[in-house]
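Report on one structure; see the data block that follows.
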Amino acid sequence: MVKKGKLAKETSANETVSNNLRSQLRFSSETGEIWLHEHRMLLVHADSHAKLRRELIESLGIGRARGMIMRIGYATGINDCELTHINRDWTNDYESFMAGPLLFTLEGNAKTSIPKLEINRKMGKFYVEALLENSWESQAYLRHYGESAEGVCWYLHGYSSGYCSAFMGKPILCKEVKCFAAGGKHCYLVGKPVEEWDDSSDYSLMLNQESIVDQLIGLQNEVVHLRSAISEKKMPSDVVGNSPAFLAAYDLLMQAVDSQITVLLLGETGVGKEVFARTLHEKGARCKESFIAINCAAIPHDLVESELFGVEKGAFTGALASRPGRFERANGGTLFLDEVGDLPLSAQAKLLRVLQEGEVERLGGTKTHKVNVRLVAATNIDLRQLVENGKFRSDLYYRLNALQIHIPPLKERKLDILILAKTFLKKFSDVNGKKLRGFSDKAKLALLAYQWPGNIRELQNVVERGVMLAPNGTHISIQHMFPSYSSEFSELALNAKGGLSDSQKESGKDFCEAILSGRITLEQANTLLAEAAVEKASGNLSAAARMLGLTRPQLAYRLEHRPENAVMKFSSRKPKTRAS
């Protein structure tokens, strides 16, 4: 028999967890999306799932169908464990664990209660018993096949094992010991570490696909591998893209590989002009010779000529030794002139002569040096406009513009954004020794919606930040990559009565209800507001005080004298503050 005080405590904890989960559910009628935190959800007819289940049984047989459904449940349980513990500081293991069963209930699978739970995460001890009523799986099975001789809640079986395993960080197997479809009054489940079961074969079934699925996926992987091998012959590993505009530019580049034509690459900053130039060099006949790159905008005008054409000893103060320029160093190979529009006019005249005569004369010297160089130039500005303004020589422009290739900006390559993001995710995960599960659904939408003014370079930096901030074993969320992101669409939230209302208003109602019901005191509410303001102001007390209509000393006083027990179920983080 459960003691009255303990029951009240568990009821309060369940209410806290339920409210927390409910606040994560959002409905957007403007976009046709349902969100649970940053994972997109579907509101699907249970009968449709029941028919799909029946199709699987009749197509694959009951054994293979059972294994497949268990694996789907297992993966979903792991996902739900992650999203119920992102940015959540539950007060104890019971409250933390209950997020799973309550979410399982919220998703409409069955009414779930936990009669017995023993947890010691530090010791790796775990035991759970769960009672489930109104299981859609058992109801669907009874409707299609009648009473079963054994448990049929396979999704529940997999889901609970996946959730508990992720929660404990070790393999946990949950088994249905009673089932409504097998004559029980309800469904009943027991979960404990795999090694404590006499028969743990079901756990292996959840992790390993069966033969027919293995064969199908194996064939699919072979096709993908062959396609990848074919693709690799066309594109090096650092050239990534499938969008039509990008492929058109790349195909044009490949046509220039076997010729010696001068190539002019056009495109915004960060689109990958140097990658294109390097690819042209590596694919061509000069690949065994040097590839020399120089950014014309990064060199002071009075040093450009010595950098490009070389200098003789004593040519100017500080020229203590003769040295070759970039043209001589690139002899036999490829010279890449980035931001060529920033060259001063004096250097432009000498560059034109080198291109026409194939020889350079070092600064302060009289001897000419023959050079055989493939020239690739790049710019992110309109050279024709510079010509009209008298800032760029027209004869040099026509000499450089033998073959013009425009590399599209990332905002015009929507098909490539997620491909590039996944490439950078793998790169930085390996560098940082992390294992991440990819991007959340909302994070993917944010990546696609952003305009990327910094193009691929900016995307790379954003993904690197996401990899650094995301906890190991989780998905990268929007806030990991875009800290100030806010949706332009309004969303509806599920209120306490099961209805839909404005999400911002609903969160305010939850806060008020927490105060009025006595779950938090007014003093604690004031502390929460103060901490939230400081966090929003990135630790700047003066800015936070202005948000609250307080003076800086008033806010500092409140923070210094906040109650020790003000670590709330709503938020347990104490913000860092900085002087301002």
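The values are calculated or read from the model by the stated rules, or taken from the named source; none is laboratory data. Just so you know, these numbers come straight off a predicted model, no measurement behind them. Cβ coordinates were reconstructed from backbone atoms using ideal geometry, including for glycine residues, and neighbour counts include every protein chain displayed.
Checking Val128 against (1) assigned to a helix (DSSP H, G or I); (2) touching a Lys or Arg at 6+ places or on another chain (Cβ under 8 Å), which single condition isn't satisfied?
Among (1) assigned to a helix (DSSP H, G or I); (2) touching a Lys or Arg at 6+ places or on another chain (Cβ under 8 Å), Val128 violates only (1).
Give me the pairs, please: first residue somewhere in region 436-455 and surrounded by fewer than 20 Cβ atoms within 10 Å (Cβ to Cβ), second residue anywhere and of a type in the set (Lys, Arg) and not in a helix (DSSP H, G or I), beta-carbon distance under 6 Å, and either six or more positions apart or on two chains.
Asp441/Arg40
Report whether or not Ala514 is part of a helix (DSSP H, G or I), more than 28 Å from Asp441 (Cα to Cα), small (Gly, Ala, Ser) and modelled with pLDDT of 70 or more.
Numbers: part of a helix (DSSP H, G or I): yes; more than 28 Å from Asp441 (Cα to Cα): yes; small (Gly, Ala, Ser): yes; modelled with pLDDT of 70 or more: no.
Judged against the criteria, Ala514 is not a match.
So the check is Cβ under 9 Å with 6+ separation or different chains; which pairs have a first residue in region 268-296 that's not assigned by TED's automatic domain parsing to the domain that holds Ile456 and a second one that's assigned to a helix (DSSP H, G or I) and aromatic (Phe, Trp, Tyr)?
Every condition considered, the pairs that remain are Phe276/Tyr250; Thr279/Tyr250; Ile292/Phe327.
I'm checking my understanding of the structure. Among residues of region 269-285 that are charged (D, E, K, R) and buried (at least 19 other Cβ atoms within 10 Å of the Cβ), which one is nearest to Leu400 (Cα to Cα)? Walk me through how you get there before you give the answer.
Initial filter on region 269-285 (charged (D, E, K, R)): 273-274, 278, 282-283.
Next, only the ones that are buried (at least 19 other Cβ atoms within 10 Å of the Cβ) stay: 273, 278.
Values: Lys273: 15, Arg278: 17 Å.
Ranking the candidates gives Lys273 first.
Out of all the residues in region 81-115, which are charged (D, E, K, R), at pLDDT 90 or above and closer than 17 Å to Ser161 by Cβ?
As a first pass, look at region 81-115 and keep what is charged (D, E, K, R): 82, 88-89, 93, 95, 107, 111.
Now narrow it down to the ones that are at pLDDT 90 or above: 111.
None; the set is empty.
Considering region 449-477 alone, what residues qualify as being at pLDDT below 90 and either charged (D, E, K, R) or under 19 Å from Gly32 (Cα atoms) (or both)?
Across region 449-477, the qualifying residue is only Ala449.
Write out, first by first residue and then by second, each pair whose Cβ atoms fall under 8 Å of each other, whose residues are 6+ apart or on separate chains, and whose first residue, in region 23-38, is closer than 17 Å to Glu107 by Cα while the second is modelled with pLDDT of 80 or more and loosely packed, with under 15 Cβ neighbours inside 10 Å.
Hits for this filter: Glu33/Arg40; Ile34/Arg40; Ile34/Leu42; Ile34/Leu43.
Just to verify a result, which residue in region 108-147, among those that are without any contact (Cβ under 8 Å) to a residue 24 or more places away in the chain and of a type in the set (D, E, K, R), is surrounded by the most Cβ atoms within 10 Å (Cβ to Cβ)?
Result: Lys111.
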